[in-house]
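Below you'll find the structure, written out as structure tokens, and then a few comments.
Bear in mind that the values in this text are calculations on the coordinates, not laboratory data. As the structure is a computational prediction, the values presented were derived from the model and not from experiment. Glycine also receives a Cβ, built like all others from the backbone with ideal geometry; neighbour counts cover every protein chain displayed.
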Amino acid sequence: MKINEVTATSFGPFVDEQLVPATGMTVVWGLNEAGKSSWHSALHIAVCGLRRGRGANTLADRKVITRNQPWSGAEWRVGARISLDGGEELTIGWDLDAKIATVIDSLGRDRSNEWMHDGAVDLAKLVGLDRESFL
């Protein structure tokens, strides 16, 4: 899997921002409060989502929610474009308020149901992980 782009439509401090990793390895650096951890969370949530299983959110889920809700009060949205090893591209879009994701392939087909775990899309399965180990 290759991450082509992470889009923070409304996520923590970001509004309509994109992170486009370079080919190979990308290092994200900056001063404190520059947004490094927010980009890490945006990437993690775009790929792995938020659990929609039964029962209350876990402590870890509550921390993610508290830290990354939009500072501006807008709808909470994040997404990503990834390429699979075979060359297929997937576009992921998350409405985090509703905890609903869409995964659209290169042909425009909705493939969201193929990667469900704990009631929500979790694309970490593409690299043999789950949302906890991907983090």
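Name the residue that is farthest from the chain's Cα centre (by Cα), counting only residues in the stretch 4-36 that are among the aliphatic types (A, V, I, L, M) and surrounded by fewer than 10 Cβ atoms within 10 Å (Cβ to Cβ).
First, the residues of the stretch 4-36 that are among the aliphatic types (A, V, I, L, M): 6, 8, 15, 19-20, 22, 25, 27-28, 31, 34.
Next cut, surrounded by fewer than 10 Cβ atoms within 10 Å (Cβ to Cβ) only: 22, 25, 27, 31.
On the way: A22: 18, M25: 19, V27: 18, L31: 23 Å.
Once the filter is applied, the top-ranked residue is L31.
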Self-check item: Cβ pairs under 8 Å, 6+ apart, first in the stretch 99-114 and more than 18 Å from R51 (Cα to Cα), second among the small types (G, A, S)
Solution: I104/G93
Self-check item: For L90: the one exception among (1) under 17 Å from W39 (Cα atoms); (2) touching a strand residue (DSSP E or B) at 6+ places or on another chain (Cβ under 9 Å)
Solution: (1)
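Are any residues in the stretch 1-36 assigned to a loop (DSSP other than H, G, I, E, B) and β-branched (V, I, T), and if so, which ones?
Quick first cut of the stretch 1-36, residues assigned to a loop (DSSP other than H, G, I, E, B) only: 1, 12-13, 20-35.
Once the filter is applied, which keeps residues that are assigned to a loop (DSSP other than H, G, I, E, B) and β-branched (V, I, T), the stretch 1-36 yields V20, T23, T26, V27, V28.
From the list E33, E114, E89, which one is of a type outside the set (S, T, Y) and at positive phi?
On the way: E114 fails: at positive phi; E89 fails: at positive phi.
It is E33.
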